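Here is the structure we will look at.
The values are calculated or read from the model by the stated rules, or taken from the named source; none is laboratory data. All values reported here derive from a predicted model rather than from experimental measurement. Every residue, glycine among them, receives a Cβ derived from its backbone with ideal geometry; neighbour counts consider all protein chains shown. Ligands, DNA and RNA are stripped out before the accessible areas are found, and what is left, the full protein with its side chains, is counted by its heavy atoms. Shrake-Rupley method; radii C 1.70, N 1.55, O 1.52, S 1.80 Å.
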Amino acid sequence: MAVRAGGGKVSRIDTLINAMTLPEKLGQLTMASGSYALTGPLHFADPSDAIRAGTLGNLLNVVGATEVHALQHIAIEESRLGVPLLIGFDVLHGHRTLFPVPLAETSLFDPAIWELTAREAAAEACADGISMAFAPMVDVARDPRWGRGIEGPGEDPWLAQRFSQAKVRGFQSGNLAAGTSVAAVAKHYCAYGPVMAGREYASVDISERTVHEVHLPPFATAVAAGVAAIMPAFHDLAGVPMTAHVALLRQWLRDHLGFDGVVVSDYNAIGGLILHGVAADLSEAAALALNAGVDIDMMAGAYLSGLPGALERGLVQLAQINTAVYRVLTLKERLGLFDDPYRRGATKEAAAMLGPRRALARSIGARAIVMLKNERAALPLAQSLRRVGLMGPLADAAEQMGGPWPAAGNTEAHVSVLAGLLSALPQTEVRHAAGVALGGDGAVDAQGALDLCAQVDVIVLCLGEAALMSGEAACRTHLGLPGRQREFAEAVLERAGALGKRVIVMLFSGRPLVVPWLVERADAVLACWFLGSEAGNAVADVLTGRVSPSGRTPVTWPRCEGQIPIFFGQRPSGRPANPADSFTSRYLEAPNEPLFAFGHGLTYGSFVFSNLRATPRCARREETIDVHVDVLNEGTLAAEETVFLFAHDRVASVARPLLELRGFAKIFLQPGEQGTVNLRLPAAELCFLGGDLTVVFEPGEVEILVGPCAERARLLHTSVQLL
Ligand code: GLC
């Protein structure tokens, strides 16, 4: 009689494990790519044979109910034990309907939206037979040379935690077995953002404090939210590759946090342990990963071909393999794959859903735009406008609008800025000239664009990066405009200036760009990131004033690459910057201040903050501090303001960051209207890691700062006494 180790009723999973051969067990620990979107070496041949033999239990990059169901049928009907397949895909910001890239979506500072778009994406992905999304990416990123900041929630751990929770809830919607839910995978665990010199896949060497204060919290939040899986990152942390990191993967994640879900390696990351120089062969690599608690080997074939040898060499025990198989089969059971392996994809996405979803993508796109500058009343465009000159390499570039992880998004169906403006301004003549190539040194039609300046009333210049200049394996050492765009933009600014024409710049990028010269000379500059399927309509809605811009940047914008890493949560220094004293923390040839602070973003309103108050003035750990501030819209247009709450513990047992984000709220005000924003701050949120990295709540005064962004000079402040 087969029994589960430790006694108890024999479950379906126990019965299966007891019946499995070793190759069949290892098949459940293997994930191979189906057809496309390879992000590394290796590629299994036709997976059908391996599925039929029971040596492949999970796939990625297979999209479409027909293809998925055909493979599922082989697994269920033609393999010896009929174990259903798990199908994973990179559903980062939508599936067929693409929402703004995660960094752009974070600019909304709206957890309800973050959850909603994950839920909508899950519904679309499930209709294509997908049961696992390799998302959310919750790596805190503070070095924009690194390309992957676009995939995540920006520079702040507290914000990343809220993003993480919202996304896990959205993808999994509290019922993994539902036909519109997918298993979420929090990635890339952990501290991937601070790769050495901002270079992809490079080593990471940071303090244990920073790992625990900055990079682990979003994963702890994901686990608390019930995330089904975690994906370790490619890099080594102080010499220990994350894929083999026993202390963080097993001891912290599983033993300390109690995570009992699945750990799925990144693409061929187990094979990468050999190149890291910590494994001599695939058996040693497989053993290191299994001993660290990695359950699924994505695309290395290391478990399938390496673990038998590791068993023979005593590097691992069969019980460890059984435990990993148990976790994978448990996830498949929780997903309902045993009960109905065809549930996902059984019903096509109702065509009626796509219209509202695109409308949602458009609305979110408009809210994701961050207006960095708006002078000379450049925006919104006047209704009386007769001729617009639309220029630059991203003006008619629908294929770029989906960003670097377009998933199954149909890039041809994306709305370009040109199409959006033509649709929004039927009575206005929109004249288009690309003017210059996106990259390289090819000048396309600069003279045509320059001639156009004299024939139009206003110029909208669409500049920035190509979609693949950020994302994975897309790091940059110069963060200005690629190619000859600067040369082109300066010529247009020169000509427009001479003609007295206003220039509005729309910046498309996967990171903050270093463009102080452009900000200085353009009348308006808006960060558009990559806005997805409805990009052009979203841009047009903001340019025409149909939507008042409300996005706030979730990353600091450096004035120059030399300031990097630059973020608002820096510690004070024993010699804080003092312009009057050269022996203080400063540069010889650049200010410490960024081009734009975290949270910066203009609207069509003009807001004044006043009357900040916090009650109670003294608070114990279990109490909540109510922070109120009055906000007045002195502008002539209605708009939505975002109010941030920061804390600063001036004197503590460990030097605390100058600002710690601990809240944000929104308020929409008509011209002349005043309202009051209430931000609730649980005193427990002022805990921090003491000298021994255990959580402490220290009595003493804490400053409370409230305002429009992480610029201390623009914040109102008061203080509370912790008891
Ligand atoms: C890639 C990425 C990871 C992605 C995986 C599958 O290399 O690092 O984010 O989920 O492979 O595509």
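From its DSSP helices (H runs of at least four residues, each -39,500 (n - 2.57)), the chain gives a residue-normalised ellipticity at 222 nm of -7500 deg cm²/dmol. When peptides 707-714, 120-127, 381-388, 459-466 are sorted by average Cβ neighbour count within 10 Å, with the highest value leading, the order is 459-466, 120-127, 707-714, 381-388. Take 328-334, 360-366, 648-654 and order them by the average number of nearby Cβ atoms within 10 Å per residue, most first; the result is 360-366, 328-334, 648-654.
Ratio of Rg to Rh for the stretch 322-369: 1.29 [Cα atoms; Kirkwood radius as inverse mean 1/r over pairs].
The rule of thumb for compact globular proteins, 2.2 N^0.38 Å, goes into the C-alpha radius of gyration of the stretch 396-540 1.02 times.
Bins of 10 Å, beginning at zero and ending with the bin holding the largest distance: percent of Cα pairs per bin for the stretch 103-235, please. Computed distribution, short to long bins: 14, 44, 31, 10, 0.
Ellipsoid semi-axes for the stretch 454-529, based on the Cα gyration tensor and the rule √(5λ), read 25, 11, 10 Å when sorted largest first.
With N the number of residues in the stretch 265-367, Rg(Cα) / (2.2 N^0.38 Å) evaluates to 1.59. Using equal-weight Cα scatterers in the Debye expression, the normalised intensity of the stretch 257-322 in log10 at q = 0.25, 0.28 Å⁻¹ is -1.05, -1.25.
Quick one: net charge around D260, please, counting Lys, Arg +1 and Asp, Glu -1 for every other residue with C-beta under 10 Å from its C-beta. Around D260, the surrounding residues sum to +2.
Under the simplified labelling scheme, the L318-A413 pair shows an inter-label distance of 5.0 nm, with each label point 7 Å from Cα along Cα→Cβ. Evaluating 6.51 cos²θ - 1.76 cosθ + 1.60 at θ = phi - 60° for every residue in the stretch 558-566, the Karplus couplings come out as x, 7, 7, 4, x, 7, 6, x, 10 Hz, glycine and proline recorded as x.
Sorted into 5 angstrom bins from 0, the C-alpha pair distances of the stretch 549-672 split as 2, 9, 14, 16, 17, 15, 13, 10, 4, 0 percent. Near L29, once Lys and Arg are set to +1 and Asp and Glu to -1 for all other residues with Cβ below 11 Å from its Cβ, the sum equals -1. For the stretch 198-203, 3J(HN,Hα) computed residue by residue from phi via the Karplus equation (6.51, -1.76, 1.60; θ = phi - 60°) reads x, 9, 3, 6, 6, 5 Hz, glycine and proline entered as x.
When each full DSSP H helix of the chain is screened for a Cα extent of at least 27 Å along its own axis and an average Kyte-Doolittle hydropathy of at least 0.0, none passes. Give the carbon-plus-sulfur fraction of the accessible surface of the stretch 570-723 in %, rounded to a whole number; probe 1.4 Å, heavy atoms of protein chains only. Carbon with sulfur: 52 percent of the solvent-accessible area. Taken over the Cα atoms of the stretch 339-462, the convex hull encloses 162 Å³ per residue. For K25, the lysines whose Cα falls under 24 Å of its own Cα, not counting residues fewer than eight places away in the same chain, are K9, K332.
So for the stretch 488-624, what percent of the C-alpha to C-alpha distances run longer than 17 Å? Counting every Cα pair in the stretch 488-624, those more than 17 Å apart make up 73 percent.
Under the convention that each Lys and Arg Cβ holds +1 and each Asp and Glu Cβ holds -1, the size of the dipole of the stretch 366-563 around its Cα centre is about 580 debye. Inter-part distance, the stretch 661-695 to the stretch 371-388, computed on C-alpha centroids, equals 34 Å.
Volume of the convex hull of the stretch 413-474 (Cα atoms only), normalised per residue: 103 Å³. Largest first, the three principal axis extents of the alpha carbons in the stretch 607-722 are 53, 24, 17 Å in whole numbers.
The simple spin-label model puts a point 7 Å past each Cα toward its Cβ; for Y587 and E673 those points are separated by 4.2 nm. Within a straight-line Cα-Cα reach of under 21 Å, K373 can be paired with the following lysines, leaving aside sequence neighbours fewer than 8 residues apart in one chain: K501, K666. Looking at the chain, the accessible area is 35 square angstrom per residue; that uses a 1.4 Å probe and ignores ligands, DNA and RNA. Were the residues from S203 through A713 laid out at 0.36 nm apart, the gain over their Cα-Cα distance would be 179.9 nm. Across the chain, the convex hull enclosing all Cα atoms gives 166 Å³ per residue. Relative to one another, the C-alpha centroids of the stretch 193-243 and the stretch 63-109 are positioned 25 Å apart.
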